[in-house]
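The following block contains the structure, expressed as structure tokens.
Taken together, the values in this text are just the output of simple stated rules run on the coordinates, not laboratory data. This is a predicted model, so every value here is computed, not measured. All Cβ positions, glycine included, derive from the backbone under ideal geometry; neighbour counts span all protein chains shown.
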Amino acid sequence: MKRSTQHKFICLLALIFAMSVSCASPPPKPPKAVKTVAFITNTTSDFWKIARKGCDKADGELPDVTVAFKTTNTGTTEEQNGHIRDALNRDEADAIAISPIDSAGQKKVINDAAKRALVITQDSDAPDSDRALYLGADNRVAGRQAGELIRRALPQGGKIMVFVGKREVENARERFEGLKEALRGSNVEIIDLLTDDANPTRARENAYQTLKKYPDIAGMVGLWSYNGPSIVQALRPEDKLGKIKIVCFDDERQTLEGIKEGAIFGTVAQQPFEYGFQAVQTAARILKGDRSVIPESKSIFIPTVVVQRDNIDDYIKKLNHLLGST
């Protein structure tokens with residue numbers, strides 16, 4: 001009889017303990033009605049302001065999606081990695097669309113994020129990571145387009161300097177390789193690739209120092225969006241605009257103005273509006289279970305557009321329409 005009473009008492013304690021543990025554990029969260037897509041830039045520039053317009057358009061069209069847009073102001077992996085953590089922990093992001101600054105150095109961070117959310121790379125890729133897909137330009141092709149532009153600008157050849165923010169970024173590497181491919185067999189000689197750590201002031205100084213060190217320089221090529229305006233700012237006081245041929249990337253307002261006035265020979269423009277719009281739309285479809293949007297190559301290429309004086313007016317008109325400005 002005593003043993004039976006003890007047994008009942010032990011069973012009662014076990015039941016009470018089980019109930020207390022059950023009460024202490026939070027109930028499982030219900031599925032989110034509205035999914036969060038975090039869009040993370042690699043620098044701050046007009047390029048990303050246009051991409052944000054694309055994000056906003058997609059956000060407005062998708063009632064079950066909200067966009068958390070995060071700008072990397074310093075251009076450092078530390079800040080960008082912080083944005084990833086912030087997106088996962090504070091925003092509880094279901095998807096992240098990121099332009100990696102250092103694809104190799106950030107591989108673990110990206111892979112860890114991919115265990116908790118859908119990860120898409122945009123603008124610049126991290127092909128060796130666990131990202132689901134890349135969306136943006138075929139940067140090697142874009143580099144070849146820039147190379148063809150500089151060949152036309154310098155039919156007799158000459159020395160050129162190339163500028164970019166960070167050489168380790170995937171899009172910088174691919175554009176530079178494409179540029180070199182296009183210049184093979186020509187008389188155009190690349191002196192070097194100078195970096196500026198995504199600092200427009202340093203980019204301007206690099207162009208100015210190049211001018212002083214190489215007085216016979218014939219052309220300058222900028223691989224990131226702010227490089228074109230920075231080169232113009234360095235050459236204008238020296239009365240070298242139009243004399244030294246400039247080829248650059250993207251469609252910052254100063255770049256487009258430089259083409260109109262003849263200071264810039266041409267630019268290879270990406271479509272950052274589409275980067276923002278399509279990244280959010282694609283992420284939304286995948287989150288709903290539609291993985292048919294992921295091609296076998298795991299890359300969605302958005303064509304780049306060569307802009308020169310003969311098509312600058314039409315290009316500006318289309319850009320203004322996208323941005324809702326006149």
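Using the Cα centre as the reference, give the magnitude of the dipole from point charges on the C-beta atoms of the stretch 89-236 (Lys, Arg: +1; Asp, Glu: -1; all else neutral), rounded to the nearest 20 debye.
That gives a dipole near 540 debye.
At 7 Å along the Cα-to-beta-carbon direction for both D290 and K318, put a label point, then send me their distance in nm to one decimal.
2.5
Using a Cα-Cα cut-off of under 29 Å, which lysines could be cross-linked to K245, ignoring same-chain neighbours fewer than 8 residues away?
K49, K159, K166, K180, K212, K213, K260, K317, K318
As a test, work out the antiparallel percent of DSSP beta bridges whose residues both lie in the chain, rounded to the nearest 5.
Percent antiparallel among DSSP bridges in the chain is about 5.
Rounded to whole Å, give me the distance from the Cα center of the stretch 111-169 to that of the stretch 265-314.
Distance between centres, Cα-based: 13 Å.
Using alpha-carbon positions, what is the distance between the centroids of the stretch 68-83 and the stretch 205-231, in Å?
The stretch 68-83 and the stretch 205-231 have Cα centres separated by 27 Å.
Same structure again: Taking only DSSP H segments of four or more residues, each worth -39500 (n - 2.57), what value at 222 nm results for the chain once the sum is divided by all its residues, to the nearest 500 deg cm²/dmol?
-14500 deg cm²/dmol
Continuing with this model, one more query. Give the aspartates and glutamates whose C-alpha is closer than 12 Å to that of K240, dropping any in the same chain fewer than 8 places away, or say none.
Qualifying aspartates and glutamates at Cα under 12 Å: D216.
Within the stretch 125-192, list the GluC sites (Glu not before Pro) lying in a DSSP loop whose Cβ has at most 16 other Cβ atoms in a 10 Å radius.
The qualifying sites are E168.
Under a 5 Å amide H to amide H cut-off, with H placed in plane at 1.01 Å, what residues pair with A68 once short-range neighbours are removed?
V37, A38, F39
For the stretch 287-326, give the magnitude of the charge dipole about the Cα centre (Cβ charges: +1 Lys/Arg, -1 Asp/Glu; no others), in debye to the nearest 20.
180
Which of the listed residues, Q209, G105, V305, is farthest toward the dipole's positive end in the chain, when Lys, Arg count +1 and Asp, Glu count -1 at the beta-carbon?
Value: G105.
Continuing with this model, one more query. Could you give the size of the charge dipole of the chain about its Cα centre, using +1 on the Cβ of each K and R and -1 on the Cβ of each D and E, expressed in debye and rounded to the nearest 20?
1000
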